[in-house]
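The structure appears right after this line, and notes come after that.
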Amino acid sequence: MIEEIIADAEERMQKSVSSLEEAFKKIRTGRAHPSILDSIMVSYYGADTPLNQLANVTVEEGRSLLISPWENQLIGEIEKAIMKSDLGLNPSNNGHTIRVPMPPLTEETRREFTKQAKNEAENARVAIRNIRRDANSDFKELEKEKEISEDEQRRAEDRVQKLTDKYIAAVEAAYQVKEADLLSI
């Protein structure tokens, strides 16, 4: 019973860290990276389809993305979808490919994106602590029902605390990397 609770808690903590990394991908840095466009959905025969399933996205010269659609008639739809997104990007096409230059970040936007990243990291920390709280309350419930002893409950809570520390450190490391990336010119 204890092992199941701990395994569930670890799995949920891992998902919190993965979710944070996905959120960080949406925060634009000064460098071009194809994952910035992962959230873009393009209307394809009436269905919203992820951009990466309709075109090849590559980095060109470090500061721009080159999108090569597999079907030329999609160029207009892809361009519209990028402009509608809240990424603040201005694509241009030459009839066969779309170029998306990454505007350089100003000091103000860097600070704003850093605040956003800090917020996302804090949300992940809170989620991990909530998972710890849920697991600990499960252990208390088991102890109250006399299914485990008080010592077993304490040991299990210590194990969950170690997991919590491990995943909060992972969140902190991910935030430090993103912050350094945002603040580097």
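A short reminder: the numbers here are calculations on the coordinates, not readings from a lab. Keep in mind the model is a prediction, meaning the values are calculated, not measured. With ideal geometry, Cβ positions are generated from the backbone for all residues, glycine too; neighbour counts draw on all protein chains shown.
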For a quick check of your reading of the filter: which trypsin sites (Lys or Arg not before Pro) in segment 115-185 sit in a DSSP loop and have no more than 10 other Cβ atoms within 10 Å? LYS146
How many nm separate the modelled label positions at LYS26 and SER68, each set 7 Å beyond the Cα in the direction of the Cβ? 3.0 nm
In terms of the alpha carbon gyration tensor, root eigenvalues a ≥ b ≥ c, rounded if a/c is under 1.5 and otherwise prolate when a/b exceeds b/c or oblate, segment 42-90 is oblate
Cα-based Rg then Dmax for the chain, in Å, read 22.1, 72
Just to confirm the filter: which GluC sites (Glu not before Pro) across segment 38-76 are DSSP coil and have at most 16 other Cβ within 10 angstrom of their Cβ? GLU61, GLU71
Quick one: MET102, MET41, MET1, fewest Cβ neighbours within 10 Å first, how do they rank? MET1, MET41, MET102
